[in-house]
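Everything on this sheet refers to the single structure shown next.
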Amino acid sequence: MSPPSRILLDAGEAKRAPYRLGWDDLLQGAKLRELWGAMAWFDVRQRYTRSVIGPFWATLSLALYTVAMAVIFGALFKAHLPQLLTYLAIGMALWSYCLTIILDGTNVFVASTAAIKQMPAPLCIHAYRLVWRTLILLAHNAIVPAVVLLWAHPWSALAGLPISLFGLCLLAINGVAVVLMLGTLGARFRDLQQLLMNTTSLLFFVTPIFWRADQLGDRIWIAWVNPIYHFIEIIRAPLLGEQVASLTWIFVLVATVLNLLLGFAVYSRFRVRIPYWI
């Protein structure tokens, strides 16, 4: 019988091999999927306790917002309403996911202070828990674009579904890396969440969600340097029957590698300090 894995390490050992221990921590946390999966479901249920329709309130809010925006901007841009509605519905659902990952990610370890100090488990389970919880909410919000796609683009959506699912997997992987990095930095620098809240408010208006990147003309570079646009596009474009640009795929793959390296490096280097920072 193999000996149980150790969670608690002395400071000298953690300092000598932070990256090896960080890798072991991530693997041990991944094996506890039943734990962080159950915690994520509990978070969703707890947030909507005593609610009649639960998380479907977020779905209803997204539906009302999408219809209102499509009607207004359809009139302003003289756009075809079904096409604009599908474009906007998918973009808003994915933007909501990205926004939650960024803002909640900076506070993931601070919000889990009680669990971290009382439960001897890898810290990374709280990052997995957040990403899984956000994916659950995304699944609820996906009802809105799914209904719109079945109404406006049923065949193109089915044809592009495999590529979109692959893009969603890349988005989830990047979500884990971003949460690990921002969560570690956010535990040390509490102003990080406020900074990102102001930044994402501006980022929403420069991200092609309710308008298309080609409408920028010679200023299209504003969209091309926006990483969120590329991650949304690899999921949205195939569902609309459009081709994903080669530059977008290159950007997403390079960003994925960089996010994984940065997230792993920051988390492994400062992982042992997180309990003291919070």
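Throughout, read-outs are computed from the coordinates displayed, never taken from laboratory work. Nothing here was measured: the structure is a model prediction, and the numbers come from that model. As a convention, Cβ positions derive from the backbone with ideal geometry for all residues, glycine included, and neighbour counts pool all protein chains shown.
At a glance:
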read-out	value
About the Cα centre, charge dipole magnitude for the chain (Lys/Arg +1, Asp/Glu -1 at Cβ), debye	680
At most 10 other Cβ within 10 Å, DSSP loop - trypsin sites (Lys or Arg not before Pro), region 185-278	none
Rg in Å to one decimal, and Dmax rounded to a whole Å, for region 22-156 via C-alpha atoms	18.3, 58
Highest-fluctuation residue, Thr106, Thr49, Thr184 considered, GNM on the chain with Cα pairs under 10 Å	Thr49
Cα Rg over Rh - region 101-206, Kirkwood	1.07
Footprinting exposure proxy for Met197, Met69, Met92 (fewest neighbouring C-beta atoms within 10 Å first)	Met197, Met69, Met92
P(r) of the chain over all Cα-Cα pairs, binned every 5 Å from zero, in whole percent	1, 5, 11, 15, 17, 16, 13, 9, 6, 4, 2, 1, 0, 0
Hydrodynamic radius (Kirkwood) for region 223-278, which is based on Cα pairs only, to one decimal in Å	13.2
Diffusion coefficient, µm² s⁻¹, Stokes-Einstein with Kirkwood Rh over alpha-carbon pairs of region 152-205 at 20 °C and 1.002 mPa s	155
Computed Kirkwood radius, in angstrom, where 1/r is averaged over Cα pairs of region 130-278	17.1
Most fluctuating residue given options Leu130, Leu32, Leu103, as computed from a GNM of the chain linking Cα atoms under 10 Å	Leu32
Cα lying deepest toward the dipole's positive end in the chain, options Tyr87, His153, Cys124, charges on Cβ	Cys124
Residue list for region 82-119, given a label point 7 angstrom along the Cα-to-Cβ vector of Phe205 and an amide N cut-off under 13 Å	none
Using alpha-carbon coordinates, inclination of helix 18-31 to the longest axis of the chain, degrees	70
Top positive-direction residue, dipole computed over the chain with Cβ charges, set Leu27, Ala237, Trp211	Leu27
Gaussian network model of the chain, Cα within-10 Å springs - most flexible of Ile209, Ile222, Ile136	Ile222
